[in-house]
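**Student:** Before I ask anything, let me first share the structure, which is written out below as structure tokens.
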Amino acid sequence: MSQTAEKYFFNDYLWHAVAAVMVTTAIAAIFLLAPTEETMGIAQRIVYIHVSVAWMGLAAFVLMAITSGMYLFRRDLAWDHWSRAALEIGWLCCSLTLATGSLWAHAAWNIWWTWDPRLTTAFVLWAMYSAALVLRGGVEDPHRRARMGAIVAIIGMLDVPLVIMATRWFRGIHPKSPQMEPTMRVVLLMSVVCFTLFFTMLLLLRRSQLRSADMLEDLQAQAEA
């Protein structure tokens, strides 16, 4: 193995190892450190994952909108690599948010879904993520694809403050903040930090893949010309 290949191999191995440690630490804290809630029992542990992925879903959309705006301003596809990576990671986190939220709702309210203001605005955010994915998937020209994605991202940003403030601005059944013992709050913080680092690493890896793919396409176009 050459030194260059060995360098990339071990860097990639290190990234995966760190990601595995982050997820393992979070899951271990959730199931081994956090006490069992008296009313909901083990189902309450869903909250630790739900809050973590919900935060990342919102953060990724903000990043997507900012980098999309930078693309529109600079017309540099390097910014679109960030936007596309944030879109894919954010869609995953938002989907997990809805899934874990439904599981928690069934355990707490005996219903899988209700059009509560927080749930509705979160669903709208997921729909905006999905619309951006569909629009991008149907366009081959990279600059046109970036422009269409940027429009959806910037319009969708209007929903982000609604998701955050829904429980304060509108009457609903979604709790404003979970009532937790000190140990539970520590585990929640650990979970948020670990999952944030995990998805941030996925974001960086995906952005690197997109940049490499575009560079390869440019080289192939130059070779054919």
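**Student:** Every residue in segment 45-76 that is surrounded by fewer than 21 Cβ atoms within 10 Å (Cβ to Cβ) and among the aromatic types (Phe, Trp, Tyr), please.
**Tutor:** Result: Trp55, Phe73.
**Student:** In the list Leu72, Leu63, which residue meets the criterion of being part of a helix (DSSP H, G or I), touching a helix residue (DSSP H, G or I) at 6+ places or on another chain (Cβ under 8 Å), closer than 24 Å to Leu202 by Cβ and at pLDDT 80 or above?
**Tutor:** Working: Leu72 fails: closer than 24 Å to Leu202 by Cβ.
Being part of a helix (DSSP H, G or I), touching a helix residue (DSSP H, G or I) at 6+ places or on another chain (Cβ under 8 Å), closer than 24 Å to Leu202 by Cβ and at pLDDT 80 or above holds for just one of Leu72, Leu63, which is Leu63.
**Student:** If you don't mind, another one. Among the residues of segment 114-151, write down those that are exposed (fewer than 14 other Cβ atoms within 10 Å of the Cβ) and either over 30 Å from Arg211 (Cα atoms) or of a type in the set (Asp, Glu) (or both).
**Tutor:** Thr114, Trp115, Glu140, Asp141
**Student:** Here's another thing I want to ask about it. Go through the residues of segment 191-199 one by one and say whether even a single one is part of a helix (DSSP H, G or I), polar (S, T, N, Q) and modelled with pLDDT of 90 or more. Spell out the reasoning first.
**Tutor:** Our first condition is that a residue be part of a helix (DSSP H, G or I); within segment 191-199, this holds for 191-199.
Next cut, polar (S, T, N, Q) only: 191, 196.
Subset that is modelled with pLDDT of 90 or more: 191, 196.
Looking through segment 191-199, at least one residue is part of a helix (DSSP H, G or I), polar (S, T, N, Q) and modelled with pLDDT of 90 or more.
**Student:** Only residues in segment 197-225 that are under 30 Å from Ser52 (Cα atoms) count as the first member; pair them with residues that are of a type in the set (Lys, Arg) and in a helix (DSSP H, G or I), Cβ under 8 angstrom, at least 6 apart or cross-chain, and list the lot.
**Tutor:** Qualifying pairs under 8 Å: Arg206/Arg84; Arg207/Arg84; Leu210/Arg84.
**Student:** I would also like to ask the following. Could you tell me which residue of segment 173-190 is modelled with the highest pLDDT, considering only residues that are outside any helix (DSSP H, G or I) and out of contact with any Ser or Thr (no Cβ under 8 Å at 6 or more places or on another chain)? If you could, list the steps in order and put the result at the bottom.
**Tutor:** Start the filter on segment 173-190 by keeping residues that are outside any helix (DSSP H, G or I), which leaves 173-181.
From what's left, out of contact with any Ser or Thr (no Cβ under 8 Å at 6 or more places or on another chain): 177-181.
Values: Ser177: 69, Pro178: 65, Gln179: 71, Met180: 77, Glu181: 82.
If we take residues in segment 173-190 being outside any helix (DSSP H, G or I) and out of contact with any Ser or Thr (no Cβ under 8 Å at 6 or more places or on another chain), then Glu181 is modelled with the highest pLDDT.
**Student:** Which one is surrounded by the fewest Cβ atoms within 10 Å (Cβ to Cβ), of the residues in segment 15-44 that are in contact with a Ser or Thr (Cβ under 8 Å, 6 or more places away or on another chain) and either farther than 13 Å from Val186 by Cα or among the basic types (Lys, Arg) (or both)?
**Tutor:** First, the residues of segment 15-44 that are in contact with a Ser or Thr (Cβ under 8 Å, 6 or more places away or on another chain): 26, 29-30, 33-35, 42, 44.
From the residues that got through so far, the ones that are either farther than 13 Å from Val186 by Cα or among the basic types (Lys, Arg) (or both) too are 42, 44.
Numbers: Ile42: 10, Gln44: 20.
Only one residue tops the list, namely Ile42.
**Student:** Next question. Are any residues in segment 55-113 without any contact (Cβ under 8 Å) to a residue 24 or more places away in the chain and of a type in the set (D, E, K, R), and if so, which ones?
**Tutor:** Those that are without any contact (Cβ under 8 Å) to a residue 24 or more places away in the chain and of a type in the set (D, E, K, R): Arg74, Asp76.
The values are calculated or read from the model by the stated rules, or taken from the named source; none is laboratory data. Given the structure is predicted, the values throughout are model-derived calculations rather than measurements. Ideal geometry is used to build each Cβ from the backbone, glycine not excepted, and the neighbour counts take in all protein chains shown.
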